[in-house]
Amino acid sequence: MKRTIMLGVMSALLFATFGFLPPAEGYQPGDRAMPFKYRNKQGQLVALRDNVSAKGYIIVFTCNTCPVAQAYEQRVLDLDKQFASKGFPVIAINPNDSGRSWGDSYEDMKERAIEKKYTFPYLVDANQELARTYGARHTPTVYVVQRQGNSFIVRFTGAIDNNMEDGSQATKKYVQDAVNALLENKPVAIPTTKAIGCSIKWKNG
């Protein structure tokens, strides 16, 4: 009941602020994504619209503690290395309730970002608004969004590749293929896949 009320209030606020409603089950390819502005580990505000050179973003809902997220951590770093200079940088977002997930506090996030030498912003979704609106349910889940004027259109949702244990053995590199297609002005061949990982730790859930 509380979750339903919260989602209703959030929907009203999004409509009043941005002129659109979040989808009931999260974003699908072709949807216009909610813009956001959050503080990174240095305390600086990071917003989708602020980076005028960005053609889009690779948005990754992830965390410190999930073994699957940890298995994909280097691959997220590699995606940023490969695509940031081409206009599709990574933005990582931790949606876990730190009260239910020991090791996912903001301080823990800052420590991990420094230890692992993150080259991208690592943001905390403290009220879990972004995860609910985007429709993320597991860590990691990726959304590739493409700039269209002042808006960002979802072009891909799902998993990074099809081999959690060893990226070098993956036969499908979903995110890499999606971004390469967008850079070549081609449609994304596989626009949605199932994200596999740990369930997001929701507040009061």
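Annotations for the structure displayed:
- Subtracting the Cα-Cα distance of Glu184 and Ala126 from their residue separation scaled by 0.36 nm leaves 17.3 nm.
- In whole percents, the pair-distance distribution calculated for the range 25-199 from its alpha-carbon pairs, binned every 5 Å from zero, is 1, 9, 19, 24, 23, 15, 7, 1, 0.
- Nitroxide proxy distance, nm - points 7 Å out along Cα→Cβ at Gln82 and Ala47: 3.1
- Pairs of lysine residues in the range 65-205 that meet both criteria, 8 or more places apart or on different chains and Cα atoms under 14 Å apart, total 4.
- Unmatched cysteines, the chain - criterion: no other Cβ of a Cys under 4.7 angstrom: Cys63
- For the range 25-199, averaging the sequence separation of C-alpha pairs within contact (under 8 Å, six or more residues apart) and dividing by the residue count gives a relative contact order of 29 percent.
- Accessible-area composition of the range 25-199, carbon plus sulfur, in percent [1.4 Å probe]: 48
- In order along the range 157-167, phi translates into HN-Hα couplings of 9, x, 8, 6, 7, 10, 9, 4, 6, 8, x Hz, rounded to whole numbers, per the Karplus curve 6.51 cos²θ - 1.76 cosθ + 1.60 with θ = phi - 60° and x for Gly and Pro.
- Here is the list for the range 102-152: chymotrypsin sites (Phe, Trp or Tyr not before Pro) lying in DSSP coil, each with at most 14 other C-beta atoms within 10 angstrom of its C-beta, are Trp102.
The values are calculated or read from the model by the stated rules, or taken from the named source; none is laboratory data. The model shown is predicted, which means the values in this text are computed figures rather than measured ones. FYI the Cβ positions are ideal-geometry reconstructions off the backbone, even for glycines, and counts take in every protein chain you see. Surface accessibility is based on the protein's heavy atoms, side chains included, excluding ligands, DNA and RNA. Shrake-Rupley method; radii C 1.70, N 1.55, O 1.52, S 1.80 Å.
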